[in-house]
Amino acid sequence: MTDRDETAAKIQALIEPFNKKGIAVTESTRFAQDLEWESLTVMDFVASVEDEFDILISMNRAAEIETVGQLVDAVGQLQSER
């Protein structure tokens, strides 16, 4: 399993408690449209991602991330910048 696969698996696990509609999550799943998350849910989820990976996601960066795959890539990039 690659580092990206491990990151994706951890993110999938973090999404589960927030996935109230039980939607099948893929890399192309969109947080706002597909999962229908409101801004407070997004903030809680981002905080859990930051805690899990020991990173900080800026508000500007978070606003650019629309899909699960984009989040996986962003987490990998932020981890490599540490």
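In degrees between 0 and 90, to the nearest 10, how far off the longest principal axis of the chain does helix 39-53 point, with axes built from Cα atoms? Computed tilt is about 30 degrees. Computed extension length for Ser39-Gln79: 12.0 nm, one decimal, from 0.36 nm per residue of separation with the Cα-Cα distance subtracted.
Taking the helices alone, the chain has a mean residue ellipticity at 222 nm of -17500 deg cm²/dmol, built from -39,500 (n - 2.57) per DSSP H run of at least 4 residues and averaged over all its residues. Ligands, DNA and RNA left out, the accessible area of the chain computed with a 1.4 Å probe is 50% carbon and sulfur.
Rolling a 1.4 Å probe over the protein heavy atoms gives the chain an accessible area of 64 Å² per residue. Principal axis analysis of the Cα atoms in the chain yields extents of 34, 29, 19 Å, listed in decreasing size.
For the chain, the longest principal axis of the C-alpha atoms and the axis of helix 3-15 are separated by about 30°.
Once the Cα-Cα distance is subtracted from the 0.36 nm per residue extended length, the Glu6 to Glu27 segment shows a gain of 6.2 nm. Once the Cα atoms of helix 68-80 and of the chain are each reduced to a long axis, what angle between those two axes, in degrees from 0 to 90 to the nearest 10, is obtained? The angle comes out near 20 degrees.
The values are calculated or read from the model by the stated rules, or taken from the named source; none is laboratory data. Just so you know, these numbers come straight off a predicted model, no measurement behind them. Side chains included, ligands, DNA and RNA excluded: accessible areas come from the protein's heavy atoms. Shrake-Rupley method; radii C 1.70, N 1.55, O 1.52, S 1.80 Å.
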